[in-house]
Amino acid sequence: MSKSIVVTGIGATSALGGTAPETWQNLLAGVSGTRRLEHDWVAKYELPVTFAAEAVVRPEEVLPRPQAKRLDPASQFGLIAAMEAWADAGEPEVEPERLGIDFATGIGGVWTLLDAWDTLREKGPRRVMPMTVPMLMPNAAAGNLSLHFGARAFARTVASACASSVESIASAYEHLQLGLADVVIAGGTESAIHPITVASFASMQALSRRNDSPETASRPFSVDRDGFVMGEGAAALVLETEEHALARGARIYARLVGTAVTADAHHITANDPTGAGASRAVRQALEQAGRTPDEVTHINAHATSTPVGDPAEYAALLSVFGDRVHDIPVSATKASTGHLLGGTGAIESVFTILALRDRVAPPTINLVDQDPAIPLKASTEPQKLDAEPQLAICNSFGFGGHNAVAAFASYDA
């Protein structure tokens, strides 16, 4: 028997704000989180890209110093977002064996790893911290959340590049459906704005190079888009069975009605230009939800602002929705937050949920000259959604050919 899975808590920390409400407010206001990087290493390494969307509230401003010192920045951001989501959910009373963690990252503790390498080279092995491996491992965020919340059902990590956190939400959905937990904290985190990642992404021509205009660099669907902007932060959802949520009198944001994960098997970095794998993921998520494409009222697109990625996603959506896709309000929120890599699907799921709650699709900023080959209904202003029950999808695609989709419905749907 299929269980109804609901969202009872949300949390986020990003380039737009240190909390989910602040991030959402600034997203609707059309704020850009992209700024020039004020670090010595930008000039030291003569980086070709000098900007990114760093989280506006630094972890050391939120976490106690002893706790922060034992966590890589990625785990720090993950803990901050999860604590906010848990408090927002009313700190559910749940047996530890019925509480699970499913928290993702695309890269993990890159700062810890590379700082330790510098220490080894400059000062020798005795100066490398004993906590280095527990801090750099990709499952560090999930493990530390399990410790913090006393979650004993499971503590899982998905690492599928930029699809990671929607895959974690899909995994949480499956575990709740299987009855392996009553409550799951799901989401994703990333803190990888580092000289090596900036240089590497720039080398593969993936990043925008608009150093003279950072705030407008990310331009999804635009005819002059030239790459993505690196982002930073984390987001978390508290998911639980509707039965459990109602029994404790929880406030419910939305239903998670379906998820899907597919693979392209096309190229290690490039999307399948036909969008075949992505379209299968959208279809499967809607089939799992028992819904049809005609019922979808909003799309949060992956839309990285790359020359090849945006058309591939449009091809996938056109395949599923046909000409109707041109009438569905679409939001490309990476224009505001930057691309959070392994955390991007989680924060965009938060945006999708709040869009359903507030009946408004957030704007796609920097969209001045829309590519006529991608005629989606994206707007530079918030788009009002109907008062009727809503159904929305959140798309995430990652290097390696990963495709992940989550379908959310307004709680009245």
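Listing for the model above:
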read-out: Helices (runs of 4 or more DSSP H) within the range 1-119 that include 1 or more residues closer than 18 Å to Ser191 by Cα, over 22 Å from the mean Cα position of the chain (by Cα) and in the same structural domain as Arg209 (by TED's automatic domain parsing); value: 40-44, 65-69
read-out: Scan of the range 316-338 for residues that are touching an Asp or Glu at 6+ places or on another chain (Cβ under 9 Å) and within 23 Å of Thr216 (Cα to Cα), ordered by number; value: Ser331, Ala332, Thr333, Lys334, Thr337, Gly338
read-out: Residue check for Gln67: closer than 19 Å to Ala236 by Cβ and crowded, with 24+ Cβ neighbours inside 10 Å; value: no
read-out: Residue that is touching a residue at least 40 places away in the same chain (Cβ under 8 Å), over 13 Å from Asn395 (Cα atoms) and surrounded by fewer than 24 Cβ atoms within 10 Å (Cβ to Cβ), where the choices are Ser319, Ser305, Ser336; value: Ser319
read-out: Counted residues, the range 173-203 - those being farther than 25 Å from Val110 by Cβ and not aromatic (Phe, Trp, Tyr); value: 11
read-out: Scan of the range 371-388 for residues that are closer than 17 Å to Gly322 by Cα and of a type in the set (A, V, I, L, M), ordered by number; value: Ala373, Ile374, Leu376, Ala378
read-out: Neighbours by Cβ (under 8 Å, 6+ apart or cross-chain): first from the range 199-211, free of Cβ contacts under 8 Å to residues at least 12 places away in the same chain; second of a type in the set (Lys, Arg) and part of a helix (DSSP H, G or I); value: none
read-out: Count - residues of the range 270-329 that are basic (Lys, Arg), out of contact with any Ser or Thr (no Cβ under 8 Å at 6 or more places or on another chain) and within 14 Å of Ala406 (Cα to Cα); value: 2
read-out: Residues satisfying the stated conditions in the range 277-328, i.e. out of contact with any Cys (no Cβ under 7 Å at 6 or more places or on another chain) and among the polar types (S, T, N, Q); value: Ser279, Gln284, Gln288, Thr292, Thr297, Thr304, Ser305, Thr306, Ser319
read-out: Test: Arg283 is touching a residue at least 40 places away in the same chain (Cβ under 8 Å), closer than 22 Å to Val325 by Cβ, surrounded by 15 or more Cβ atoms within 10 Å (Cβ to Cβ) and assigned by TED's automatic domain parsing to the domain that holds Gly398; value: no
read-out: Matching entry among Ala270, Ala289, Ala303 (being among the aliphatic types (A, V, I, L, M), farther than 19 Å from Ala409 by Cα and at pLDDT 95 or above); value: Ala303
read-out: Unique residue being among the hydrophobic types (A, V, I, L, M, F, W, C), without any contact (Cβ under 8 Å) to a residue 40 or more places away in the chain and assigned to a loop (DSSP other than H, G, I, E, B) when the list is Ala387, Ala373; value: Ala387
read-out: Among residues of the range 278-323, those that are assigned to a helix (DSSP H, G or I) and within 19 Å of the chain's Cα centre (by Cα), counted; value: 7
read-out: Answer residue from the range 196-228, given it is of a type outside the set (D, E, K, R) and in contact with a helix residue (DSSP H, G or I) (Cβ under 7 Å, 6 or more places away or on another chain) and is farthest from Lys377 (Cα to Cα) among those; value: Ile196
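One line per residue, one yes/no per condition, for (1) of a type in the set (S, T, N, Q); (2) surrounded by fewer than 24 Cβ atoms within 10 Å (Cβ to Cβ); (3) farther than 30 Å from Ala43 by Cβ:
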position: Ala153; (1), (2), (3): no, yes, yes
position: Val158; (1), (2), (3): no, no, yes
position: Ser164; (1), (2), (3): yes, no, yes
position: Ile169; (1), (2), (3): no, no, yes
position: Val183; (1), (2), (3): no, no, yes
position: Ser191; (1), (2), (3): yes, no, no
position: Glu232; (1), (2), (3): no, no, no
position: Glu243; (1), (2), (3): no, yes, yes
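The values are calculated or read from the model by the stated rules, or taken from the named source; none is laboratory data. Everything numeric here is computed off the predicted structure, so don't read it as measured data. Cβ: placed from backbone, ideal geometry, glycine included. Neighbour counts: every protein chain shown.
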